[in-house]
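The values are calculated or read from the model by the stated rules, or taken from the named source; none is laboratory data. Predicted, not measured: the structure shown is a model, and the values here were computed from it. No Cβ is skipped: glycine too gets one built from the backbone with ideal geometry, and neighbour counts run over all protein chains shown.
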Amino acid sequence: GSSSASQIERKPLFSSLDSKDVSSFKEILGDKNVVEDEERLETANTDWMKKYKGSSKLMLLPKNTEEVSQILQYCDSRRLAVVPQGGNTGLVGGSVPVFDEVIINVGLMNKVLAFDEVSGVLVCEAGCILENLATFLDTKGFIMPLDLGAKGSCHIGGNVSTNAGGLRLIRYGSLHGTVLAVTANGNVLDMLGTLRKDNTGYDLKHLFIGSEGSLGIVTKVSILTQPKLSSVNLAFIACKDYLSCQKILVEAKKNLGEILSAFEFLDNNSMDLVLNHLDGVRNPVSSTENFYILIETTGSDETNDREKLEAFLLKSLEKGLVSDGVIAQDINQASSFWRIREGITEALQKAGAVYKYDLSLPVEEIYNIVNDLRRRLGELANVMGYGHLGDGNLHLNISAADYNDKLIGLIEPYVYEWTSKHRGSISAEHGLGVMKANEIFYSKSPETVAIMASIKKLLDPKGILNPYKVLPHSLFSH
Ligand code: FAD
Ligand code: MLT
Ligand code: ZN
């Protein structure tokens, strides 16, 4: 396991599950939705990376908001700790128990409740899988404002709880802008509205966006979706140095601004990894270069949008910013380009142990940390940089044969100090989870963290909601 997670001790104030608890849960949920089966628990106790592992003896599957609030009330009265779980694709160990916390998964709550074709507002239950929502919207001529590689398993409730960024943020903004309302803990905090504008006091939904299950369980979500536009184009380009990547970003914002819908990058180490570990993938450009960029445009004028992207590519080639580039000829080719970028996470997983860092940094600094770390680690590990360059979000990943203390000691706190020194964030989009709960001070002031702790205390006085995650353990010693 990871070094910081293994230093945590179980809080003695939390009760241990007994047979009376199990019977009570069965009364509320019915036998079938109280899971004690070892195999299913093994899966639910283990995170996507197989890096974090809990030892929960129970998973609860509520079917509606009322059941969620009943089981939470019960857990609160007994001081039983819980971990809310969605699709379990989180990358910071937030979605699995640290010890024996009861797992609450809202996966059975997967209904679309309403869709308004005029406003584009979708109201659904938190357990809807992102890709299923996208498929539903497609039939209506709309798209979700977010898209990410984990779409086939992640839940919208998990997306909201982590404030997931992903591939479209550059165009549609973060979930703080597109999520219009959430309902948390069933009837306790019913804020579910569908208004685009509502300035009546503090907007409490924002507390739930990105709070990683530490303040409540999200049960319903209302979200602003976007019309599906007729012309989507994708370019895959290669360039020789990071300075060119930066210049291409500036040029793309200037020249493709109103149609730009994604600007992603990967370095050649990431490309190599994908080519070596995923089947049926090939480099779309003929030359091997140090960097690759994906530029997607989305607009409504097929001829014009395509010409615009072609002209942009040509101009960038002439200026020497780009050494090679192709524009996808059809949807299959576009998917094969996306497969390279979206497949990095899976390829890293197959390659061995992976140390993941998800940093916000000034764009001009982004690749300096990759180079610094490469020098620092030498032959010990393979350092990769990729991510959402258009948003200033680097995914710094270190791939090695195993998780070991020597390597961790060389990486941490070095990476966090580096990020803090450059006024970046140690979590751009994945959250803090258990991995970075104790590192929050690298990105937030003590005063800010103290207010966060007061809010936590107010909404979860007994501290049963996703303990050991998000906030430093030292703040909650009792
Ligand atoms: P889980 O992993 O189950 O949970 C994540 C956190 O949210 C946990 O703290 C959990 O307690 C809490 N939680 C889950 N559901 C609820 C709920 N209903 N109420 C309250 N709390 C809840 N992330 C990005 O931001 N951008 C990306 O581009 C991206 N790409 C990814 C690609 C891959 C291949 C993988 C494996 C992951 C990726 N992620 C990305 C990380 C992850 O998918 C997202 O953070 C996602 O939003 C998590 O959703 P989930 O349903 O799987 O949540
Ligand atoms: C991505 O952008 O690919 C995701 O955030 C997952 C990852 O960081 O590996
Ligand atoms: Zn990402």
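Please state which of the following conditions MET384 fails to meet, knowing it meets all the rest: (1) assigned by TED's automatic domain parsing to the domain that holds SER261; (2) not in a helix (DSSP H, G or I).
Every condition holds for MET384 apart from (1).
Could we say that LEU407 is under 20 Å from ASP267 (Cα atoms) and not small (Gly, Ala, Ser) here?
Values: under 20 Å from ASP267 (Cα atoms): no; not small (Gly, Ala, Ser): yes.
The answer is no for LEU407.
Look through region 425-443, keep the residues that are among the hydroxyl-bearing types (Ser, Thr, Tyr) and over 13 Å from LEU91 (Cα atoms), and return whichever of them is nearest to ligand 3 (Cβ to nearest atom).
Quick first cut of region 425-443, residues among the hydroxyl-bearing types (Ser, Thr, Tyr) only: 425, 427, 442-443.
From what's left, over 13 Å from LEU91 (Cα atoms): 425, 442-443.
Working: SER425: 13, TYR442: 19, SER443: 17 Å.
Among those residues, the one meeting the criterion is SER425.
Go through region 157-178 and give me each residue that's within 12 Å of ligand 2 (Cβ to nearest atom) and either hydroxyl-bearing (Ser, Thr, Tyr) or in the same structural domain as GLY94 (by TED's automatic domain parsing) (or both).
Across region 157-178, the qualifying residue is only THR162.
Can you name the residue in region 154-172 that is within 6 Å of ligand 1 (Cβ to nearest atom) and of a type in the set (Ser, Thr, Tyr) and is also farthest from GLY127 (Cα to Cα) among such residues?
It comes out as THR162.
Could you grab me the full set of residues in region 146-156 that are under 17 Å from ASP47 (Cβ atoms) and either of a type in the set (Gly, Ala, Ser) or within 14 Å of ligand 2 (Cβ to nearest atom) (or both)? Before the answer, list the steps.
The first filter runs over region 146-156 and keeps only residues under 17 Å from ASP47 (Cβ atoms), leaving 148-150, 152-155.
Of everything in region 146-156, those that are under 17 Å from ASP47 (Cβ atoms) and either of a type in the set (Gly, Ala, Ser) or within 14 Å of ligand 2 (Cβ to nearest atom) (or both) turn out to be LEU148, GLY149, ALA150, GLY152, SER153, CYS154.
Against the definition (outside the structural domain of ALA381 (by TED's automatic domain parsing), small (Gly, Ala, Ser) and touching a strand residue (DSSP E or B) at 6+ places or on another chain (Cβ under 9 Å)), how does SER323 come out, yes or no? Break it down into steps so the answer makes sense when it comes.
Working: outside the structural domain of ALA381 (by TED's automatic domain parsing): yes; small (Gly, Ala, Ser): yes; touching a strand residue (DSSP E or B) at 6+ places or on another chain (Cβ under 9 Å): yes.
Yes.
Within the set of pairs 6 or more residues apart or between chains, which connect a residue that is under 16 Å from GLY173 (Cα atoms) inside region 142-157 to a residue that is within 16 Å of ligand 2 (Cβ to nearest atom) and among the basic types (Lys, Arg) with Cβ atoms less than 9 Å apart?
Close Cβ pairs (under 9 Å, with a partner that is within 16 Å of ligand 2 (Cβ to nearest atom) and among the basic types (Lys, Arg)) amount to ILE143/ARG168; MET144/LYS151; MET144/ARG168; PRO145/ARG168; PRO145/ARG171; LEU146/ARG168; ASP147/ARG168; LEU148/ARG168.
Confirm whether ILE156 is closer than 28 Å to ILE71 by Cα and in contact with a strand residue (DSSP E or B) (Cβ under 6 Å, 6 or more places away or on another chain). Step through it out loud before you land on a result.
Values: closer than 28 Å to ILE71 by Cα: yes; in contact with a strand residue (DSSP E or B) (Cβ under 6 Å, 6 or more places away or on another chain): yes.
Answer is yes for this residue.
How do the pairs read when you match residues in region 348-372 that are over 26 Å from SER244 (Cα atoms) with residues anywhere that are away from ligand 1 (no atom under 16 Å from the Cβ) and of a type in the set (Phe, Trp, Tyr), using Cβ under 7 Å and keeping only pairs 6 or more apart or on different chains?
Qualifying pairs under 7 Å: ALA353/TYR403.
Take the residues in region 421-451 that are in contact with a Pro (Cβ under 9 Å, 6 or more places away or on another chain) and in a helix (DSSP H, G or I), then tell me which one is surrounded by the fewest Cβ atoms within 10 Å (Cβ to Cβ).
First, pick out the residues of region 421-451 that are in contact with a Pro (Cβ under 9 Å, 6 or more places away or on another chain): 422-424, 437-442, 449.
Keeping just the survivors that are in a helix (DSSP H, G or I) gives 437-442, 449.
Numbers: ALA437: 28, ASN438: 18, GLU439: 20, ILE440: 20, PHE441: 14, TYR442: 19, VAL449: 16.
Ranking the qualifying residues of region 421-451, first place goes to PHE441.
Hey, does region 386-398 have a residue that's modelled with pLDDT under 95 and of a type in the set (Ser, Thr, Tyr)?
No - not one qualifying residue is present in region 386-398.
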